[in-house]
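The values are calculated or read from the model by the stated rules, or taken from the named source; none is laboratory data. The shown structure was predicted, so the numbers you read here are calculated from the model rather than taken from an experiment. Neighbour counts run over all protein chains shown; Cβ positions are idealised from the backbone, glycine included. These area figures cover heavy atoms from the full protein model, side chains too; ligands, DNA and RNA do not enter into them. Shrake-Rupley method; radii C 1.70, N 1.55, O 1.52, S 1.80 Å.
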Amino acid sequence: MSDDLPSSYDVIILGTGMVESIVAAAVARTGKKVLHLDPNTYYGQLWATLSLDSFELWAKTGTSNAKALKGEDAFKSLSDKALKYYETQDERDCISDLTFNWNIVEDIPDTEEESKEDTASGNDYSIKKIRDVSRKFNIDLAPKLLFAKGPMVEILIKSQVSKYVEFLNVNNILIYIDDAIERVPCSKSDVFSSKSVNVVDKRLLMKVLTSIQSYTEESPFFQEYEDKTFLDYLKANLPEKFANFILYSIAAGDQNTPCLEGVQKAKKFLSCLGYYGNSPFLWPLYGSSELLQGFCRQCAVFSGIYCLNREVEAIAVEGDKYYGCASNGILLQSEHLVISNSLLPNQFRGTGPSVKRAVLITDKSIFPEGKEGVSLLQYPTDDSAATILELSGNTCSVPKGLFIVQIVGNCLEEAIKNLFSEGGDDSKPKILYSLRFTLHQMECTGKLPENIHACSGPDFATDFDAEIRKAEEIFKKICPEEEFFAPLPPEPEPPSDEPDSPEEATNDA
C-alpha cells in the first residue's frame, strides 16, 4: 500500500490524549522530528470533547469487543530484520456498563416557526429540537479544572499555548449537606459576607483557614494530629458543618484523609484564590480538550506531523529495544515511541482502578441562586463521594437554557436520585438525557523496552497536576539535556514605517 509519510522519525506518538499532546509539543520545540497518530477521527481519545451528535455516536458504538488480532506472521513481510511484533489494543476496553437514554419525546409539532437559537420554550423540549442545535454542545469525556496557580497554568503561560485557549472562573463552590445544597465560603471575603455563618463561627473558620494557609513543616498547629485524620483536626476546632465544608470542598478529601495530606490539599486550594478572581479554579471555554488541542497545534507549528484516523496495528521490537510501528502496511521507524496506556499491547497492560461516570443534560441549574457559568459541587456520603460539575450556556459547552452535568464518583446514583428528577418533580432539574458508564484506568503492568514511554489516561482527580508530572517525566527520558518547555526567543519586531528622528523626517521631506 502506498503512503506519503516519511518512514523515519525521532519520536512517534500514538494517541492524542492529554499527556501525549503535552509531550508532543515539548519534544517538537527541541527540534526533534515528531509523528503524532490517532486511530480516531477526532483529537483526545478518552479526553475528547464532542458535539451532541458525535457524543451520541460515541455512546452508541458501545464498549469494544476484543480487537481482532492478525497474528505476528501478518507483519513479518514489513522488514528483513528479526523483529517481534506486539499488536495494539482498543481504547474502548476502558469503558464498561455503558447505558444511555432520552427522557423526553422524539418531537413536538411546531405551532409557529421557531428560531434554532433557542432549543425550546418552557418545558417543550424534544429530542429533535435539542439535536437541531447539536453543534452548540461541547461534551467532555474527561472534564477537569485548572488550579489558578497550578502547574497546568504555569506550563500554558511558559509554553505560550495559553494564547489558544480562553477561560472562565468556577463561580460556585458548593456542597450537598443536610439534604440541601450550600455555597462554601472559601476566602476571607466569603466568610465575612456570608449570612449563613454567625459571628462566633466566622472567627473560628477564619482561624482555621489562616492556620492552614500558613502551614509549613515546622507549624505547631498540626503536630499533635500527625497520626490522625484531617477530619479529627477539623472537628476539634470547628462545628461539624464547617468541618465538612473544608474536608470535602476545599481539601477534596474524605473521612480517612490523613491530617497533613488534608492540610496540604486545603492550602493548595486556598493559595490559588485571588489570582483570576475569587475562585481557585479555571474552566476552559469549549471544554477540556481545548488544552490538548492547543499543545497539538504548537507541535504542528514546530513541524510535527499529524494523522488522525490512522491506526498502528503493532509495535515492532528488536531484541530488548523498540524499533518501529506497523501502520497501513508499512513500518514507521523512530528512536522513541510514546503511547497511551489504553492502546498498549495486552502483554504490557492491565486494568487498574475504576470509577462510575455520568453525563446529564438538564433543563435548569442545581443552584439557581448562584452565578451563571461553572458550578463545582461535592456530594459526600459515609462511604464515598461524588464530584459534580455543572456547565451553563456561557461556558460554550451547551445551548442557552440547558445545562451539562458531569458526575464522577461511585455514589453517583444516590446523587442523581437526590438532586435531579426524571419527571414529575418540578422543584428539581429534569434529566432530559443521561449517559452512564464505568471508566477503568489502564496501567502498564509489563516491562516495556526502555525507549517506549506509556502515558496514563484520565484519572479521577479534579485537576491536571498528575498529567503535567507524567508529561515532564517522559520528556526528560527523551530529551535529558533539555528544559521542559524552555522559553522561546522573542519574535522580531516588524520594521516600523515611522522615521527614527525628527531630523530624518525633515531630510525625507
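Please go through segment 444-465 and give me each residue that is charged (D, E, K, R) and within 18 Å of I315 (Cβ to Cβ), ordered by number. Across segment 444-465, the qualifying residues are K447, E450. A count restricted to segment 238-268 and to residues that are open to solvent by less than 40 Å² (accessible area, probe 1.4 Å) and of a type in the set (D, E) stands at 0.
Restricting attention to segment 173-191 and to residues that are open to solvent by 80 Å² or more (accessible area, probe 1.4 Å) and closer than 26 Å to L282 by Cβ, the residue that is modelled with the highest pLDDT turns out to be R183. Look at segment 120-133: where a residue is within 17 Å of G423 (Cα to Cα) and a partner is at pLDDT below 90 and surrounded by fewer than 13 Cβ atoms within 10 Å (Cβ to Cβ), sitting 6+ places away or on another chain with Cβ atoms under 6 Å, you get S126/D107. On inspection, V184 does not qualify as in contact (Cβ under 8 Å) with a residue 60 or more places away in the chain and within 18 Å of the chain's Cα centre (by Cα).
Taking the condition more than 30 Å from P368 (Cβ to Cβ), at pLDDT below 95, assigned to a loop (DSSP other than H, G, I, E, B) and not basic (K, R), does E493 pass?
Yes.
Considering segment 14-67, the residues that are open to solvent by less than 50 Å² (accessible area, probe 1.4 Å), over 21 Å from the mean Cα position of the chain (by Cα) and modelled with pLDDT under 95 include one that is farthest from R92 (Cα to Cα), namely K67.
Would you check which residues across segment 211-229 are assigned to a helix (DSSP H, G or I) and either polar (S, T, N, Q) or over 30 Å from the mean Cα position of the chain (by Cα) (or both) and list them?
Residues satisfying the conditions are S211, Q213, P220, F221, F222, Q223, E224, Y225.
Check whether at least one residue in segment 412-426 is open to solvent by less than 80 Å² (accessible area, probe 1.4 Å) and in contact with an Asp or Glu (Cβ under 7 Å, 6 or more places away or on another chain), and report yes or no. No, segment 412-426 contains no residue that is open to solvent by less than 80 Å² (accessible area, probe 1.4 Å) and in contact with an Asp or Glu (Cβ under 7 Å, 6 or more places away or on another chain). Scanning segment 122-136 for residues that are in contact with a Pro (Cβ under 7 Å, 6 or more places away or on another chain) and not charged (D, E, K, R) yields a single hit, V133.
Would you check if there is a residue in segment 152-164 being part of a strand (DSSP E or B), in contact with a strand residue (DSSP E or B) (Cβ under 7 Å, 6 or more places away or on another chain) and at negative phi?
no
Is it the case, given these coordinates, that R203 is of a type in the set (D, E, K, R) and free of Cβ contacts under 8 Å to residues at least 40 places away in the same chain? For R203, the condition - of a type in the set (D, E, K, R) and free of Cβ contacts under 8 Å to residues at least 40 places away in the same chain - is met. Scanning segment 230-261 for residues that are among the charged types (D, E, K, R) and more than 31 Å from the chain's Cα centre (by Cα) gives D232, K235, E240. Counting the residues of segment 269-304 that are open to solvent by less than 10 Å² (accessible area, probe 1.4 Å), touching a strand residue (DSSP E or B) at 6+ places or on another chain (Cβ under 7 Å) and small (G, A, S) gives 4.
Listed by first and then second residue, the pairs linking a residue in segment 343-360 that is free of Cβ contacts under 8 Å to residues at least 24 places away in the same chain to a residue that is crowded, with 23+ Cβ neighbours inside 10 Å and assigned to a strand (DSSP E or B), with Cβ atoms under 9 Å apart and 6 or more places separating them unless they lie on different chains, form an empty list.
Results for (1) open to solvent by 60 Å² or more (accessible area, probe 1.4 Å); (2) aliphatic (A, V, I, L, M); (3) touching a residue at least 24 places away in the same chain (Cβ under 8 Å), shown as yes or no for each residue.
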{"site": "Y164", "(1), (2), (3)": "yes, no, yes"}
{"site": "S193", "(1), (2), (3)": "yes, no, no"}
{"site": "S196", "(1), (2), (3)": "yes, no, no"}
{"site": "Y225", "(1), (2), (3)": "no, no, yes"}
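Just so you know, in segment 206-223 the residues that are aromatic (F, W, Y) and touching a residue at least 40 places away in the same chain (Cβ under 8 Å) include one that is least open to solvent (accessible area, probe 1.4 Å), and it is F222. H453 meets the conditions (1) under 22 Å from S392 (Cα atoms); (2) assigned to a strand (DSSP E or B) in every case but one. The failed one is (1).
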